[in-house]
Amino acid sequence: MEFHLLDLLIAFAGGVFGAAIGAFPVWVLCGLAVLIGATINLTGGSPDYMNLVAWGIFLGPQTSFAGGCAAAAYAAKHKLIDNGRDICTALVGLNKPDVLLVGGIFGAIGHIILYLLLLVPNYSEISWTNTIALAVILDMVIARVVFGNTGVFGKLPVGANRWKPTDEHSWVIYQSDPLQMLMLAIGVGAPAAYMAIILPGSSGLVFGFATVAYTFMIMGYKVPVTHHIALSASMITAATGNVAWGITFGILAIYLGELCAALFVYYGDTHIDPPTMALVLTFTLYPPLELLHVFEFQSEWVWLVPVIVALLGIGLFKVLRKEKKLIPE
């Protein structure tokens, strides 16, 4: 990836666009572009659409989504919107050019961060991490430090359990129960992994379906957030050729997403995206495991791996969310 000033201008424009229509709506457009790109790939077309449009400088989340989130944080700091975690509102309605300017600046920052991350050499056949996702997260962390008041990890009230969501302090409350998460991981991760086997090159299909479904969330319907499950499951399956490993990483993705939500979102006042952070972690986990030859375990017993990961995850959440008993004086 070469660095050009024109690219920086387009990244700025992507951030402005993301702020104007809202970070979440622009993320849906990115998902739609991924869905189109996956279809083109499956029909033998060029990967350029996927690389240059869906994940490109203008529409890619490192510019448009990150810029939109930063603009929301800025708008909340200046009392223009009620909540810096509101990434659904189209900020163009505020009629404040400075809000869009901030979106553009952080879109450009996201592009610069991605450029720097791509300079890090890979030590495996797969990229050392999901560089786009990591660029998004770093951009969001910068936005919180600059515009937020809660610190990177949020302000935890005295006596509160960081890991236990409440109606006031949560991310997506209706999918925060570990059994609910497990069902969603299977419901999305299994077909994503299966598609990666029967339709090689289809890694964006289920991801695209999951992302486009957020249109209904913007309308107010309760829709699960599952694109990190789909991408993790399809990526690992494509790399290992084994659906069981894909489902394992799908389960890991949703559990990691909720843990990241507890770390960054429950008590934070700006948006640091939990699914994106989960993708950073799952993609970063693959190369060292691949170097350790873990994925060479391909017998029928490999199906025990997702079962074990599921049980460990349920147990972990049970322990973390356990109410502390008061010790009488």
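The values are calculated or read from the model by the stated rules, or taken from the named source; none is laboratory data. Since this is a predicted model, take the numbers as computed values, not measurements. Heads up, the Cβs are rebuilt from the backbone with ideal geometry, glycines too, and the neighbour counts pull from every protein chain shown.
Every listed requirement among (1) surrounded by fewer than 21 Cβ atoms within 10 Å (Cβ to Cβ); (2) aromatic (F, W, Y); (3) in contact with a helix residue (DSSP H, G or I) (Cβ under 8 Å, 6 or more places away or on another chain); (4) within 24 Å of E168 (Cα to Cα) is met by W303 save one, (4).
Can you find a residue in the range 260-269 that is closer than 19 Å to A210 by Cβ, without any contact (Cβ under 8 Å) to a residue 24 or more places away in the chain and either surrounded by 24 or more Cβ atoms within 10 Å (Cβ to Cβ) or in contact with a helix residue (DSSP H, G or I) (Cβ under 9 Å, 6 or more places away or on another chain) (or both)? Yes, the range 260-269 contains a residue that is closer than 19 Å to A210 by Cβ, without any contact (Cβ under 8 Å) to a residue 24 or more places away in the chain and either surrounded by 24 or more Cβ atoms within 10 Å (Cβ to Cβ) or in contact with a helix residue (DSSP H, G or I) (Cβ under 9 Å, 6 or more places away or on another chain) (or both). Here T43 meets the list (1) in contact with a His (Cβ under 8 Å, 6 or more places away or on another chain); (2) surrounded by fewer than 16 Cβ atoms within 10 Å (Cβ to Cβ) almost entirely, failing just condition (1).
The conditions of being small (G, A, S), surrounded by 20 or more Cβ atoms within 10 Å (Cβ to Cβ), in a helix (DSSP H, G or I) and touching a residue at least 60 places away in the same chain (Cβ under 8 Å) are not met by A196. Taken over the range 26-80, residues that are in contact with an Asp or Glu (Cβ under 8 Å, 6 or more places away or on another chain) and either over 25 Å from Y115 (Cα atoms) or assigned to a loop (DSSP other than H, G, I, E, B) (or both) amount to 3. Residue check: is V120 surrounded by fewer than 21 Cβ atoms within 10 Å (Cβ to Cβ) and free of Cβ contacts under 8 Å to residues at least 24 places away in the same chain? Here the answer is yes, as V120 does meet what is asked. On the given criteria, is T270 within 25 Å of A73 (Cβ to Cβ) and modelled with pLDDT of 95 or more? Yes: the conditions hold for T270.
Filtering V158, V188, V152, V212 for residues that are at pLDDT 95 or above, β-branched (V, I, T) and over 18 Å from A233 (Cβ atoms) leaves a single hit, V152.
Here is a yes/no grid of residues against (1) among the charged types (D, E, K, R); (2) part of a loop (DSSP other than H, G, I, E, B); (3) over 30 Å from P287 (Cβ atoms):
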residue	(1), (2), (3)
L101	no, no, yes
I126	no, yes, no
I137	no, no, no
F153	no, yes, no
M183	no, no, no
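Remark: A278 falls outside the filter, which requires a residue to be in contact (Cβ under 8 Å) with a residue 60 or more places away in the chain and either under 28 Å from L114 (Cβ atoms) or of a type outside the set (D, E) (or both). Return a yes/no flag: does the range 39-58 have any residue that is without any contact (Cβ under 8 Å) to a residue 40 or more places away in the chain and of a type in the set (F, W, Y). Within the range 39-58 (the criterion being without any contact (Cβ under 8 Å) to a residue 40 or more places away in the chain and of a type in the set (F, W, Y)), the answer is yes, since at least one residue qualifies.
Looking only at residues in the range 68-98 that are buried (at least 24 other Cβ atoms within 10 Å of the Cβ) and touching a residue at least 60 places away in the same chain (Cβ under 8 Å), the one that is farthest from L8 (Cα to Cα) is G84.
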